[in-house]
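Since the structure comes first, as structure tokens, the remarks are kept for the end.
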Amino acid sequence: IVVGKSSGAVSAVTGGGSISILQAGGATKAITGAGDVVVAMSGDEAEPVNVASGTGSVEIQLPKDANATLDLETAYTKDFGRKTSIKGDWDLKATETDDWDSEQGSPRKYVRVRQTIGHGGPVIRVRTVNGDIKLKKGS
């Protein structure tokens, strides 16, 4: 699914495949069973974002002076072969669980960022498995 430019809320949901929302002008939801997700906000202020991927990388671009509340989580399974990461253009403080959790099926560990950027604001929520999360500043 590819969405070029929106002036309001966007909701894109698919059972599998990548989602790109390139100029989101409002609250954005992107959910895929398996695939990479890219969301780029076009306004001067952050809007709520909700992204979920059963497996895949996620990239979120926010306004450079964004005020937002981050709720980011990526899990990696034992057989994935490497740790996943959460990185960005802001100073992000990621934590990682110590033990393997089997509650969701395959044993996995979680990498999380829960913090505010700027003065806090709309929630940027991401959930993915076996994929990295990148948070970038827009121009």
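Going through segment 1-18 one residue at a time, which ones are hydroxyl-bearing (Ser, Thr, Tyr), within 15 Å of the chain's Cα centre (by Cα) and part of a strand (DSSP E or B)?
The initial filter retains those residues of segment 1-18 that are hydroxyl-bearing (Ser, Thr, Tyr), namely 6-7, 11, 14, 18.
Then keep just the ones that are within 15 Å of the chain's Cα centre (by Cα); that gives 11, 18.
Listed by number, the list holds a single entry, SER11.
THR95 - would you say it is surrounded by 14 or more Cβ atoms within 10 Å (Cβ to Cβ), at negative phi and within 16 Å of the chain's Cα centre (by Cα)?
no
Out of the residues in segment 100-139 that are in a strand (DSSP E or B) and of a type in the set (S, T, N, Q), state the one that is surrounded by the most Cβ atoms within 10 Å (Cβ to Cβ).
To start, the set of residues in segment 100-139 that are in a strand (DSSP E or B) comprises 101, 108-117, 123-129, 133-137.
Applying the additional criterion that residues be of a type in the set (S, T, N, Q) yields 115-116, 128.
Working: GLN115: 16, THR116: 11, THR128: 26.
Filtering first and then ranking leaves THR128.
Can you tell me how many residues within segment 34-44 are assigned to a loop (DSSP other than H, G, I, E, B) and open to solvent by 40 Å² or more (accessible area, probe 1.4 Å)? Break it down stepwise before answering.
Of all residues in segment 34-44, those assigned to a loop (DSSP other than H, G, I, E, B) come to 34-36, 42-44.
Then drop every residue that is not open to solvent by 40 Å² or more (accessible area, probe 1.4 Å), which leaves 34, 36, 42, 44.
Of the residues in segment 34-44, 4 are assigned to a loop (DSSP other than H, G, I, E, B) and open to solvent by 40 Å² or more (accessible area, probe 1.4 Å).
Let me confirm something: among ILE31, ILE60, ILE21, which residue is assigned to a strand (DSSP E or B) and more than 23 Å from ARG114 (Cβ to Cβ)? Show your work before the answer.
Numbers: ILE31 fails: more than 23 Å from ARG114 (Cβ to Cβ); ILE60 fails: more than 23 Å from ARG114 (Cβ to Cβ).
Going through ILE31, ILE60, ILE21 in turn, just one is assigned to a strand (DSSP E or B) and more than 23 Å from ARG114 (Cβ to Cβ): ILE21.
Could you run through segment 4-19 and say how many residues are surrounded by fewer than 17 Cβ atoms within 10 Å (Cβ to Cβ) and either touching a residue at least 40 places away in the same chain (Cβ under 8 Å) or farther than 22 Å from GLY121 by Cβ (or both)?
Here the count works out to 7.
Among the residues of segment 64-75, write down those that are at pLDDT 95 or above and either open to solvent by less than 10 Å² (accessible area, probe 1.4 Å) or under 17 Å from SER11 (Cβ atoms) (or both).
Result: ALA68, LEU70, LEU72, THR74, ALA75.
The values are calculated or read from the model by the stated rules, or taken from the named source; none is laboratory data. Everything numeric in this text was worked out from a predicted model, so none of it was measured. Note that we place each Cβ from the backbone using ideal geometry, even for glycine, and neighbour counts take in every protein chain shown. We work out accessible area using only protein heavy atoms, side chains counted, and drop any ligands, DNA or RNA first. Shrake-Rupley method; radii C 1.70, N 1.55, O 1.52, S 1.80 Å.
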